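Visitor: Quick one: this structure, given as structure tokens, is what I'll be asking you about.
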Ligand SMILES: NC(=O)c1ccc[n+]([C@@H]2O[C@H](COP(=O)([O-])OP(=O)(O)OC[C@H]3O[C@@H](n4cnc5c(N)ncnc54)[C@H](OP(=O)(O)O)[C@@H]3O)[C@@H](O)[C@H]2O)c1
């Protein structure tokens, strides 16, 4: 399928591993020139080597002051104006409402909401000038159904969802779409941290926890990064120009809601 975005430019935040890396891969396959970001430089360089097609890595912790702005600037220097933005970072730590102090809440807000808001604010002028823009935020199925022991994610993802829903309507007239993809239980880094926490808390083996999780999904398995990337590329394609303000779960039927 021709996605109609060959030669376009994309920045994938937190794109060196896992689900966002799968987005970057799918975008490269669609002919998009891609910059990815992450904290670990060795992982980032390995990721761009795997992506090929002139992909560049921009090192930076999105939770640190000034790093989101610096990442956008570096992406522009490497690729020119940015017309596709995928926002992502590692999820906040698992835990109950009162398990983490306010500093951990504040950091989660910085990394998982405010970095996305700032990145979008900084690329919107490029997108408006081109009368073409695609924003995809990787959030979580928890915006539809809060998950146990995930107080930070259950809270902060919802705030980002509200912000992006607002923006989607404001930017629609400029040829810009804004959508969120909601991973379910996907076998990548964030879920591994949840599994590790459950092993510690419940005294079960990792195999037991994985088996229970897989059985909780109607598809009877955990999702994979390969289940995820193609939707991201489609939402960035020319064909998705009338799809905006949507929250699309890739969760094997995990969330039982009607809509
Ligand atoms: N996997 C799931 O089942 C699941 C379910 C619901 C929601 N989610 C959410 O979906 C997102 C992606 O999950 P994933 O499993 O793909 O995660 P992952 O495998 O841990 O990958 C996270 C990516 O973000 C980068 N990153 C992490 N923190 C960062 C920071 N502060 N600044 C810049 N880059 C950062 C990581 O690279 P470095 O470590 O080198 O920085 C890596 O490239 C997460 O927000 C997660 O909570 C995942």
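The values are calculated or read from the model by the stated rules, or taken from the named source; none is laboratory data. Only a predicted model underlies this, so the values are computations on that prediction, with no experimental measurement involved. As a convention, Cβ positions derive from the backbone with ideal geometry for all residues, glycine included, and neighbour counts pool all protein chains shown.
Visitor: Among the residues of region 206-239, write down those that are within 26 Å of residue 12 (Cβ to Cβ) and in a helix (DSSP H, G or I).
Guide: Correct list: 225, 226, 227, 229, 230, 231, 232, 233, 234, 235, 238, 239.
Visitor: Got a number for residues in region 146-199 being modelled with pLDDT of 95 or more, in contact with a strand residue (DSSP E or B) (Cβ under 7 Å, 6 or more places away or on another chain) and closer than 23 Å to residue 218 by Cα?
Guide: So the answer is 8.
Visitor: Then there's this: If I ask for residues that are at pLDDT 95 or above and in a loop (DSSP other than H, G, I, E, B), which ones from region 94-111 would you list?
Guide: Within region 94-111, 96, 97, 98, 99, 100, 101 meet the criteria.
Visitor: Output the number of the condition that residue 85 fails; it satisfies all remaining conditions of (1) under 19 Å from residue 180 (Cβ atoms); (2) within 12 Å of the ligand (Cβ to nearest atom); (3) buried (at least 23 other Cβ atoms within 10 Å of the Cβ).
Guide: (2)
Visitor: If you don't mind, there's one more thing I want to ask. If you check residue 62 against the conditions, is it within 13 Å of the ligand (Cβ to nearest atom), buried (at least 18 other Cβ atoms within 10 Å of the Cβ), farther than 16 Å from residue 20 by Cα and under 20 Å from the mean Cα position of the chain (by Cα)?
Guide: Judged against the criteria, residue 62 is not a match.
Visitor: Collect the residues in region 85-102 that are over 13 Å from the mean Cα position of the chain (by Cα) and farther than 21 Å from residue 194 by Cβ, keeping them in residue-number order.
Guide: 102 - this is the single residue of region 85-102 that is over 13 Å from the mean Cα position of the chain (by Cα) and farther than 21 Å from residue 194 by Cβ.
Visitor: Here's something else I'd like to know. So which residues in region 172-201 are away from the ligand (no atom under 13 Å from the Cβ) and either closer than 13 Å to residue 251 by Cα or surrounded by fewer than 21 Cβ atoms within 10 Å (Cβ to Cβ) (or both), if there are any at all?
Guide: 172, 173, 174, 175, 199, 200, 201
Visitor: Which one of these is on the phi < 0 side of the Ramachandran plot, in contact (Cβ under 8 Å) with a residue 60 or more places away in the chain and assigned to a loop (DSSP other than H, G, I, E, B): 16, 81?
Guide: 81
Visitor: Can I ask one more? What is the residue count in region 1-13 for residues that are assigned to a loop (DSSP other than H, G, I, E, B) and more than 12 Å from the ligand (Cβ to nearest atom)?
Guide: Residues meeting the conditions: 8.
Visitor: Of all residues in region 189-203, count the ones that are assigned to a helix (DSSP H, G or I) and over 16 Å from residue 147 (Cβ atoms). Reasoning before the result, please.
Guide: Of the residues in region 189-203, the ones assigned to a helix (DSSP H, G or I) are 189-202.
Checking the rest, the ones that are also over 16 Å from residue 147 (Cβ atoms) come to 189, 199-200.
So the answer is 3.
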